[in-house]
1. Of everything in the range 87-103, what is modelled with pLDDT of 90 or more and open to solvent by 80 Å² or more (accessible area, probe 1.4 Å)? Give them in sequence order.
2. May I ask you to list the residues in the range 156-175 that are charged (D, E, K, R) and over 23 Å from GLY247 (Cα atoms)?
3. Pick from the range 140-151 the residues that are farther than 30 Å from PHE237 by Cβ and touching a residue at least 24 places away in the same chain (Cβ under 8 Å): which of them is surrounded by the most Cβ atoms within 10 Å (Cβ to Cβ)?
4. Considering the range 290-320 alone, what residues qualify as being among the basic types (Lys, Arg) and modelled with pLDDT under 90?
5. Mind checking which helices (runs of 4 or more DSSP H) fall wholly inside the range 152-271 and carry at least 3 residues that are touching an Asp or Glu at 6+ places or on another chain (Cβ under 6 Å) and open to solvent by less than 10 Å² (accessible area, probe 1.4 Å)?
6. Mind listing just one residue for me: the one in the range 71-118 that is part of a helix (DSSP H, G or I) and of a type in the set (S, T, N, Q) and, of those, farthest from SER209 (Cα to Cα)?
7. For the range 298-324, enumerate the residues that are out of contact with any His (no Cβ under 7 Å at 6 or more places or on another chain), among the hydrophobic types (A, V, I, L, M, F, W, C) and either open to solvent by less than 40 Å² (accessible area, probe 1.4 Å) or part of a loop (DSSP other than H, G, I, E, B) (or both).
8. Mind listing just one residue for me: the one in the range 15-49 that is modelled with pLDDT of 85 or more and of a type in the set (Gly, Ala, Ser) and, of those, farthest from GLY194 (Cα to Cα)?
Amino acid sequence: MPIIWILLATALLSAVFAAAIGRVLIPYLKKIHFGQTILEIGPRWHKNKQGTPIMGGFMFIISSVVTVIAGYVLYRTQCVQDGSDPEIRNGMLRLIACVVFSLLFSCIGFADDYIKAVKKQNLGLRPRQKMAAQFLLCAGFLAVLYALGDHSTELDLIFCKLDLHFFYYPIMILFMIYLSNAVNLTDGVDGLCGTVTAVAMLAFTMICSKEISLYAIAIAGGCLGFLVWNLHPAKCFMGDTGSMYLGGAFVAIGLTTHQHLVMVLVGLVYVLEALSVVIQVSYFKYTAKQHFKKTGEKGKGKRIFKMTPIHHHFEMSGFSEYRIVATFSLFGLIAGTLGVLTVLL
């Protein structure tokens with residue numbers, strides 16, 4: 001069986017499985033009162049979403065893990081002649097590393113969601129706790145890749161390569177933390193993170209090794225199945241359980257390609273979402289400091305955007321949630337296609 005049919009079968013099975021899980025999961029989450037608490041600082045119309053079940057990310061987490069295992073078994077039985085080939089073994093270990101890393105990242109999100117649901121507040125884990133856990137996991141993943149033979153310390157910028165030597169590893173840890181949290185920030189409008197991630201994972205499917213492509217397509221299918229329940233008006237949110245899983249999967253899959261600028265292109269929506277927050281906070285602090293020097297008043301900074309992450313700026317500018325999802329996904333598709341072309345051409 002050609003690998004393309006295995007990929008398509010994996011995606012379809014993952015989508016159907018994720019959608020089916022929702023029929024059981026959503027009533028259960030409602031029964032145990034695991035609902036979202038909406039922040040006061042958010043758009044006022046988001047108050048209507050108060051109590052919507054969270055942890056819906058379990059739909060695509062379960063479906064992607066189960067179907068990638070099934071897809072890999074089918075791939076090994078149908079496409080691989082020599083199972084003792086070191087490259088095949090290395091590919092399998094890389095796949096396992098990506099899945100395990102994603103699941104461990106999801107555990108951070110689960111702890112965050114659990115605190116929110118039990119204490120009925122939208123704070124969850126403290127930022128330092130999250131950062132410490134993410135730092136350890138990212139460092140561990142890079143160590144695993146090194147053990148599996150990825151010793152390159154070159155930063156691949158498509159048209160040139162820059163050898164960072166030892167500094168490659170701390171920079172990559174920060175890069176992974178930034179991108180994974182950027183995925184988390186994208187989850188702020190019904191259907192947005194799931195749709196953008198499905199597009200990004202389809203792009204990765206085109207450029208990753210066969211084993212990793214199976215994982216990327218399984219996640220893409222799982223996200224599509226989840227969207228049955230998450231498109232506006234959402235019946236369930238993925239929560240940090242889901243968004244942290246997707247963030248972990250994105251950086252893990254991306255780093256196996258060792259195409260760093262391509263990762264930025266494929267995940268350009270994520271990058272800009274997080275960058276909008278950095279710009280907003282930095283500009284507010286700078287202008288507040290200047291205002292304090294002139295008048296002695298505190299907290300009087302200026303803002304560039306109406307609200308961040310930037311999808312909220314568009315929302316407060318009159319964009320419907322459907323329009324935001326369509327616009328951002330189309331932008332992600334264009335950027336992802338450009339990233340794929342830089343690798344294939």
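1. Start the filter on the range 87-103 by keeping residues that are modelled with pLDDT of 90 or more, which leaves 90-103.
The answer is ILE96, and nothing else.
2. Step one: of the range 156-175, the residues charged (D, E, K, R) are 156, 161, 163.
Within the range 156-175, LYS161, ASP163 qualify.
3. LEU145
4. Looking only at the range 290-320, we keep the residues that are among the basic types (Lys, Arg), and these are 293-294, 298, 300, 302-303, 306.
Of everything in the range 290-320, those that are among the basic types (Lys, Arg) and modelled with pLDDT under 90 turn out to be LYS293, LYS294, LYS298, LYS300, LYS302.
5. On the way: elements: 168-186, 192-207, 210-230, 239-257, 260-266.
Correct list: 239-257.
6. First pass over the range 71-118, keeping only residues part of a helix (DSSP H, G or I): 71-79, 86-118.
Filter once more, keeping what is of a type in the set (S, T, N, Q): 77-78, 90, 102, 106.
Working: THR77: 17, GLN78: 16, ASN90: 11, SER102: 18, SER106: 24 Å.
The extreme case among them is SER106.
7. Quick first cut of the range 298-324, residues out of contact with any His (no Cβ under 7 Å at 6 or more places or on another chain) only: 298-299, 302-304, 308-320, 323.
Next cut, among the hydrophobic types (A, V, I, L, M, F, W, C) only: 304, 310, 314, 316, 319.
ILE304, ILE310, PHE319, listed by residue number.
8. ALA20
The values are calculated or read from the model by the stated rules, or taken from the named source; none is laboratory data. Here the structure is a predicted model, which means the values were calculated and not measured. With ideal geometry, Cβ positions are generated from the backbone for all residues, glycine too; neighbour counts draw on all protein chains shown. In case anyone asks, the SASA skips ligands and DNA or RNA and just uses the protein heavy atoms, side chains included. Shrake-Rupley method; radii C 1.70, N 1.55, O 1.52, S 1.80 Å.
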